[in-house]
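Step one of this worksheet: look at the structure below.
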Amino acid sequence: MNPEVSRYYDYTLPFYKFFWHEGTNAIHYGYWDDDTKSHKEALINTNKTLADLVEPSRLSKVLDVGCGVGGSSIWLAQNYGTHVVGVTISSKQKKQADKNAQKACVENLTEFYLRDYRHTGFTDSSFDIVWGLESVCHAEDKKDFLREAYRVLKPGGKLIIADGFLTRLPKTTIEKHVYDVFIRGLALSNLATIGEFQEGLTRAGFKNIQMFNKTPHIQKTAQHMYGISCRWVKIFAIARALRLVPQMIVDTINAGLVQLDFFTKGVGGYYVFYAEK
């Protein structure tokens, strides 16, 4: 994994807490439906949307790949009594996830490890569900992750992924600029096209592959992120000029500015993939 990814999440941890997750420990886009009333509800809805597809239970063992500070892992443990193992390459995230689980009184149902989700070290066929919420995008080659996910899943096990993807390759200068600013600001090497990811799932051995376009449901979250970025871009530019923050933070704010165009101009989309071993 690109070392910039762990550096990014180590450094931005307090920023996500202050600007984004509103006590949910979520580091992802929120899912809006007709009944959603707030950003916080939308963040929780994203977990619900994925859980409805994989139907976890008290008997399930879930691997949360790129678990962040434990948001989804803790939510699954609280709401389903599920045993969840989370992996992250950010030492600060791992430490915070342990604290969050203890605070939520689910430390007996959750485990967090400092590991790369492409090489987890877990035994073959040891998980019922592999859960990846806006984390698989960080793999340089998504096939490396898919092979590992297939290996650690039990026969009949379920893979659920929600993430940003390219719906097509950028063509114009503006589209390429938006894409470049987006991936640089979020410490991404690249984004897969939906076709590439579907093919990767098939080649890895997965079956019953299903894809759901959830882009319309994250539009309000994209607008919310754009608004935050607009309000803070000048302040962080000044802070950068005074060497109070690294360029990474300015790049992240810039990604927040362009992501709305990325998701609304037809180049990118927010998709959920479901597959079985």
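Read-outs: derived from the displayed coordinates by stated rules, not from any lab. Predicted model, so just to flag it, every value in this text is computed and none were measured. Ideal geometry is used to build each Cβ from the backbone, glycine not excepted, and the neighbour counts take in all protein chains shown.
Using only Cα atoms, locate the centre of the range 182-220 and the centre of the range 41-56, then give the distance between them in Å, rounded to an integer. Centre-to-centre (Cα) distance: 17 Å. Counting alpha carbon pairs within less than 8 Å and at least 6 residues apart, what relative contact order, in whole percent, applies to the range 3-276? Relative contact order comes out at 19 percent. Listed by chain and number, the aspartates and glutamates whose alpha-carbon sits under 16 Å from that of Lys234, ignoring those within fewer than 8 places in the same chain, are Asp251. Normalised by 2.2 N^0.38 Å, with N the number of residues, the alpha-carbon radius of gyration of the range 104-257 equals 1.24. Working note: Debye formula, equal point scatterers on the alpha-carbon atoms of the range 3-276, no solvent; log10 I(q)/I(0) at q = 0.17 Å⁻¹ is -1.51. Taken about its Cα centre, the range 3-276 carries a charge dipole of roughly 540 debye when the Cβ of each Lys and Arg holds +1 and the Cβ of each Asp and Glu holds -1.
A helix-only calculation puts the chain at -15500 deg cm²/dmol for mean residue ellipticity at 222 nm, using -39500 (n - 2.57) for each DSSP H run of at least four residues, averaged over all residues. By DSSP, the beta bridges lying fully in the chain are antiparallel in about 40 percent of cases.
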